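A short write-up of the structure that comes next.
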Amino acid sequence: MVTAVTGQDAGTQATGVREAAVWRALRTVPDPEIPVVDIVELGIVRSVIVDDAGVAVTLTPTFAACPALRVIQDDVAAAVAALGEEVRVTTSLHPPWSSDDMSDEAREKLRRFGIAPSDRHGGLIQIALDAPVRCPRCEHPDTTVRNAFGSTLCREIRTCRSCGETFERFKPI
Amino acid sequence: MTTDATPTGSLLAALVERVTAHADDELVLGHRDAEWTGHAPLLEEDIALANLAQDEIGHAITWYGVRSGLDGSDPDRLVYFRGADEYRSSHLVALPRGDWAFTMLRQYLFDAYETELLARLARSSYQPLAQAAVKIAREELFHLRHSQLWLERLAYGTDESRARLEDALAAAWPLLPQLLAPMPGDAELVAAGMWPAPVEVGSATVDRVTGTLTALGLRAPPLADGQVVERHVRQPPELGELLSVLQSVARADPEAQAW
């Protein structure tokens with residue numbers, strides 16, 4: 001059956017199609033510091049607004065001083081512009097990013113990459129900081145903090161007491 | 001009630017002064033921390049100090065961004081082209097990095113102050129400030145844990161580490177009141193709910209710090225009573241020396257579009 005599509009419905013549909021295309025494009029933008037995860041599953045895309053003026057994407061940094069944010073903004077602009085869209089990329093600190101915003105898929109990818117993800121803490125960060133962390137290599141829970149600061153602002157360095165592996169953990173925040 | 005509407009008149013001027021003072025504190029402390037890069041006593045601490053510096057300077061950018069939203073100022077112009085006496089940073093952060101004990105003690109004092117400040121600033125009626133405070137407070141948690149652990153290590157390490165920590169305390173403690181001192185426009189800001197009362201932040205900071213020091217068996221010298229302390233006084237020569245390094249590249253070619 002063929003249904004008549006009114007002008008307004010067609011516009012809404014077209015916007016929906018464009019928005020889905022934008023989200024697909026954003027899934028191709030990796031976190032430059034952890035290239036195995038994309039920015040959507042990392043949870044730093046706060047909003048996508050598609051209208052007649054073009055596309056507005058709002059990002060939030062994992063850490064306020066994250067030096068990768070500039071790179072990500074440029075990558076997002078390029079990925080969306082490749083769809084033939086006018087694009088504006090802005091950043092916002094609110095609501096602040098939390099490690100809870102990372103998808104389960106992203107956590108698994110991190111673990112396979114050798115970085116221990118943080119369990120979801122629901123805001124109880126002080127408790128999460130001292131909770132046991134499993135070694136991403138041997139899965140043993142007896143690991144200890146070697147350095148609260150790592151190769152990037154969002155990671156700490158830990159050592160596994162069981163297998164001796166030194167690894168990084170994505171900080172609970 | 002919160003607002004993201006820009007205040008006007010004397011309230012605007014007072015808020016710009018306060019936000020600038022805090023941004024300047026973060027920038028100058030971040031620069032001092034960065035001076036340890038390649039020189040820290042342990043590889044882990046070299047990495048830690050580079051992280052702390054990056055955080056503090058990144059936070060400074062955030063606060064200068066808040067100021068930019070208030071008066072349209074350009075953060076790069078503020079950082080690279082103001083003279084020392086136009087800076088509003090505290091004397092504590094300007095002091096040279098000193099030894100490891102001084103660096104950690106100073107960092108702890110500032111972290112303790114910032115923890116108390118941000119907890120209250122998160123309730124500011126000026127929304128951009130409240131939002132920045134909420135974000136930055138989460139990150140400062142890592143700083144405070146780090147510096148407080150170092151105070152423990154130094155206090156219970158060796159006779160030398162303890163002696164150095166005591167020397168650091170004697171040098172830094174007299175500068176604490178100036179960090180906590182009020183600024184001229186504070187009364188208006190506090191009345192508008194935009195900035196927490198300095199006396200409240202100050203006493204919470206002193207309580208927190210005194211608690212930590214007492215637990216380590218250290219005695220903070222009594223703070224001079226009745227002495228009038230102000231943020232707005234001439235900057236120490238150490239800040240000028242720091243800025244001559246920080247600003248040298250930008251000032252070598254002020255018209256440069258990129259370095």
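Please count how many residues of the range A:124-173 are among the basic types (Lys, Arg) and touching a Gly at 6+ places or on another chain (Cβ under 6 Å).
Counting residues in the range A:124-173 that are among the basic types (Lys, Arg) and touching a Gly at 6+ places or on another chain (Cβ under 6 Å) gives 0.
Could you grab the pairs with beta carbons closer than 7 Å, sequence gap of 6+ or different chains, first residue in the range B:170-181 and within 17 Å of B:Ala204 (Cα to Cα), second one among the β-branched types (Val, Ile, Thr) and in a helix (DSSP H, G or I)?
Close Cβ pairs satisfying both conditions: B:Leu180/B:Val201; B:Leu180/B:Thr205.
Quick check: anything in the range B:108-130 among the acidic types (Asp, Glu), surrounded by fewer than 24 Cβ atoms within 10 Å (Cβ to Cβ) and over 17 Å from B:Ala21 (Cα atoms)?
no
Only one of B:Gly30, B:Gly58, B:Gly72 is buried (at least 19 other Cβ atoms within 10 Å of the Cβ), more than 21 Å from B:Ala122 (Cα to Cα) and either away from chain A (no Cβ under 13 Å) or free of Cβ contacts under 8 Å to residues at least 40 places away in the same chain (or both). Can you tell me which?
Of the residues listed, the single one that is buried (at least 19 other Cβ atoms within 10 Å of the Cβ), more than 21 Å from B:Ala122 (Cα to Cα) and either away from chain A (no Cβ under 13 Å) or free of Cβ contacts under 8 Å to residues at least 40 places away in the same chain (or both) is B:Gly30.
Pick out the one residue from B:Leu144, B:Leu149 that is within 14 Å of chain A (Cβ to nearest Cβ), out of contact with any Cys (no Cβ under 6 Å at 6 or more places or on another chain), assigned to a helix (DSSP H, G or I) and closer than 15 Å to B:Trp100 by Cα.
The conditions single out B:Leu149.
Name the one entry in A:Arg107, A:Arg70, A:Arg112 that is assigned to a helix (DSSP H, G or I), touching a residue at least 60 places away in the same chain (Cβ under 8 Å) and among the charged types (D, E, K, R).
Result: A:Arg112 is the single residue among A:Arg107, A:Arg70, A:Arg112 that is assigned to a helix (DSSP H, G or I), touching a residue at least 60 places away in the same chain (Cβ under 8 Å) and among the charged types (D, E, K, R).
Of everything in the range A:122-170, what is more than 14 Å from chain B (Cβ to nearest Cβ) and among the aliphatic types (A, V, I, L, M)? Give them in sequence order.
A:Ala131, A:Val133
What residue, of B:Arg67, B:Arg88, B:Arg82, is away from every other protein chain (no Cβ under 12 Å), closer than 30 Å to B:Ala258 by Cα, over 12 Å from the mean Cα position of the chain (by Cα) and crowded, with 20+ Cβ neighbours inside 10 Å?
B:Arg67
For the range B:105-146, enumerate the residues that are polar (S, T, N, Q) and more than 14 Å from the chain's Cα centre (by Cα).
Selection gives B:Ser124, B:Ser125, B:Gln127, B:Gln131.
Any read-out appearing in this document is the output of simple, stated calculations on the displayed coordinates, not a laboratory observation. Nothing here was measured: the structure is a model prediction, and the numbers come from that model. Positions of Cβ are backbone-derived with ideal geometry, glycine not excepted, and every protein chain shown enters the neighbour counts.
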